[in-house]
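Asker: Following this message is one structure expressed as structure tokens.
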Amino acid sequence: MHTRRTPFIHAALRMSVALAIVIGGLCLAYTSLAIAEPSATKTTDVRATAQAITFSVTLDESIADEPVSGRVFVFLSQRGGGSPMNGPSWFGPEPFFGLDVKELQPGEPIVLDDDADGYPGKLSELAPGRYRAQALLDHDFYRSTPASGGGNFYSDVVDVVIPAEGEAATFEFKLNQTVAAQEFAESEFAKEVEIKSELLSEFHGREVLDRCGIVLPPSYYDEPDRHYPVIYSIPGFGGSHYGAARAAGRFRGGDDAEEFIRVFLTGECKWGHHVYADSANNGPRGAALVSEMIPYIDQNFRTVPQPYARFLTGHSSGGWSSLWLQVTYPDIFGGTWSTAPDPVDFRDFQRVNIYADGELMFVDGDGQRRPLARRGEVPMLWYDDFCKMDDVLKRGGQLRSFEAVFSPRGEDGEPLYLWDRETGEIDLEVAKAWEDYDINLILKRNWDTLGPKLAGKITIIAGGIDTFYLEGAVIKLKATLEELESDAVVEVVPGGDHGSFMTPDVRARIIREMSESFRAHHEDGDEK
């Protein structure tokens, strides 16, 4: 039986609602939300207590009239401007603290002290100095970042002065504002689809709404009898279907390209990115897409409702998702163009072989600290430190997102840890369960069945020095596909990082290749 292991420090927040990470020319932009910015900061009173440093957070009765369960955060920043709750970022993390609460009563304070999870350490270890601070109660179901969750409660930004070591102080926060739910900016050519998922609702024991954004082709209204092939696009970590509203009029492949209906999916969920894989923690995400959302789109928009007219593409976590869906549902989709996918071979899980006995997540075989991300060849993030951030966030971090998809569910209802948070030792029993999501392994084991169904349907493009060390797994998959005599196209672009190879020419090429594939299967003159 699996047991959960106590985290080393339980660490910190992962992304902000308007997060932009720029790495050697790559900008991963995350959706910005309509969150009211406090008009001014307030300075809290300080009083001595038995604890060295404590934060007291109260849910104001003016915005909540019943108990709320979730996770209380206090975010701190020594940078000017903005709301602390929108941070910290991956590459510039600042201190923050989190504590789960069950049925927090409005008007009754909850105290965060050294029992709270903290990054980079306990609250009592917080460096003295002046900070801007903000509290938030996260109880939203849909979003991966606390500051973006519609209905979450948050406080004003307050100035706090952490006293010198040994001095006691308590700082008070009142949760008196509500995060506004993001709205889809519909237009003539950009539409939002929202349906209740029966499969996901049954799994989670609550109503679950599934959403996507639709971008209609330029001729959609001018040619009312015309039917169109469909491109299903899956954003990377932190992205959502809201990007569809900004995409209307883009994604043209040139004069010789087909017009497509574009469907922007959203992999975002409470645990981070569900990657459209059915899992023990996120539920039947792939099945819901294939059996509920796609039929709805085919019934309500003028698609060509045939497998050869459905194409997949995605980048990063979306790249993994698009490849996973094509391999898992080869009879549903007509081809995937996956770019910079998350690890497609778990023998190289961002340079870690999770199946190897004695392998450690935090240090390599030479005892050197393992990097998780780089700028060029210079390491910028490390497994151990990033894991601490993820564990304080608890849900929605990148590493915990992987565990939520690939790991079994523990007795406490949360995903089992793949590695021990204190030693970094990999649990080989949990790693064994991850085999069910190892795309390279799945192809090897099932090629007799999958091979004929995937002919002409796989294109993968990745950078040769991927920012997150993803190229190693792609190279392994390329070797496997060559051994299997697959016609899959797998390209590793020399010198490319996580996104620099995605030039306008490459994007146009993908559209043209989808157009060619569609035409090769579509009957002349019959667009229905």
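Asker: Once you have the alpha carbon radius of gyration of region 328-472, what is it after dividing by 2.2 N^0.38 Å, with N set to its residue count?
Answerer: 1.12
Asker: How would you classify the chain from its alpha-carbon gyration tensor, with a ≥ b ≥ c the square roots of the eigenvalues: rounded for a/c under 1.5, else prolate if a/b is greater than b/c, otherwise oblate?
Answerer: In terms of gyration-tensor shape, prolate.
Asker: So for Thr449, Thr178, Thr339, what's the accessible-area order with a 1.4 Å probe, most first?
Answerer: I get Thr449, Thr178, Thr339, largest accessible area first.
Asker: Could you tell me which of rounded, prolate or oblate describes region 57-202, using a ≥ b ≥ c as the square roots of the eigenvalues of the alpha-carbon gyration tensor, with rounded for a/c under 1.5 and, failing that, prolate when a/b is larger than b/c and oblate otherwise?
Answerer: prolate
Asker: Rounded to the nearest percent, how much of the accessible area of region 91-230 (1.4 Å probe, protein heavy atoms only) is carbon and sulfur?
Answerer: Using a 1.4 Å probe with all protein chains present, region 91-230 comes out at 45 percent carbon and sulfur.
Asker: What is the distance in Å between the Cα centres of region 316-353 and region 171-245?
Answerer: Using only Cα atoms, the two centres lie 22 Å from each other.
Asker: What is the spread of the Cα atoms of region 259-311 along each of their three principal axes, largest first, in whole Å?
Answerer: 35, 19, 18
Asker: Among rounded, prolate and oblate, which fits region 401-528 when a ≥ b ≥ c are the square roots of the eigenvalues of its C-alpha gyration tensor, a/c under 1.5 means rounded, and a/b larger than b/c means prolate?
Answerer: Here region 401-528 falls in the prolate category.
Asker: Please give the helix 504-521 orientation as an angle from the longest Cα principal axis of the chain, in degrees from 0 to 90, rounded to the nearest 10.
Answerer: Computed tilt is about 50 degrees.
Asker: Could you sort 494-500, 70-76, 351-357 so that the peptide with the highest average Cβ count within 10 Å comes first and the rest follow in order?
Answerer: Those peptides, ordered most packed to least, come out 70-76, 494-500, 351-357.
Asker: State, to one decimal in nm, how far the label point of Asp331 lies from the label point of Ala247, with both points 7 Å from Cα in the Cβ direction.
Answerer: Simple spin-label model gives 2.8 nm for this pair.
Asker: Past 22 Å, Cα to Cα: identify those pairs from Lys122/Lys394; Lys191/Lys457; Lys196/Lys432; Lys196/Lys453, in the order given.
Answerer: Pairs exceeding 22 Å: Lys191/Lys457; Lys196/Lys432; Lys196/Lys453.
Asker: Across region 205-212, in residue order, what do the Karplus-derived ³J(HN,Hα) couplings come to in whole Hz, using 6.51 cos²θ - 1.76 cosθ + 1.60 with θ = phi - 60° and x for Gly and Pro?
Answerer: Here the 3J(HN,Hα) series is x, 7, 5, 10, 9, 10, 10, 8 Hz.
Asker: Please calculate how many Å² of accessible area region 296-342 carries per residue, with a 1.4 Å probe and no DNA, RNA or ligand atoms counted.
Answerer: Heavy-atom SASA per residue in region 296-342 reads 24 Å².
Asker: Taking only Cα atoms, what is the 0 to 90° angle, nearest 10, from helix 439-453's long axis to the longest principal axis of the chain?
Answerer: The angle comes out at about 20 degrees.
Asker: Against the longest alpha carbon principal axis of the chain, how many degrees, from 0 to 90 and to the nearest 10, is the axis of helix 383-393 turned?
Answerer: Between the helix axis and the principal axis of the chain, the angle is about 70 degrees.
Asker: Can you run phi through the Karplus equation (6.51, -1.76, 1.60; θ = phi - 60°) for region 413-426 and list ³J(HN,Hα) in whole Hz, with x for Gly and Pro?
Answerer: x, 10, x, 5, 5, 6, 10, 5, 6, 9, 9, x, 5, 7
Asker: Here's something else I'd like to know. Determine the calculated [θ] at 222 nm for the chain from helices alone, applying -39500 (n - 2.57) to every DSSP H run no shorter than 4 residues and normalising by the residue count; nearest 500 deg cm²/dmol.
Answerer: So the calculated ellipticity at 222 nm is -6000 deg cm²/dmol.
The values are calculated or read from the model by the stated rules, or taken from the named source; none is laboratory data. Just so it is clear, the structure is predicted and the values come from calculations on it, not from any experiment. Positions of Cβ are backbone-derived with ideal geometry, glycine not excepted, and every protein chain shown enters the neighbour counts. Side chains included, ligands, DNA and RNA excluded: accessible areas come from the protein's heavy atoms. Shrake-Rupley method; radii C 1.70, N 1.55, O 1.52, S 1.80 Å.
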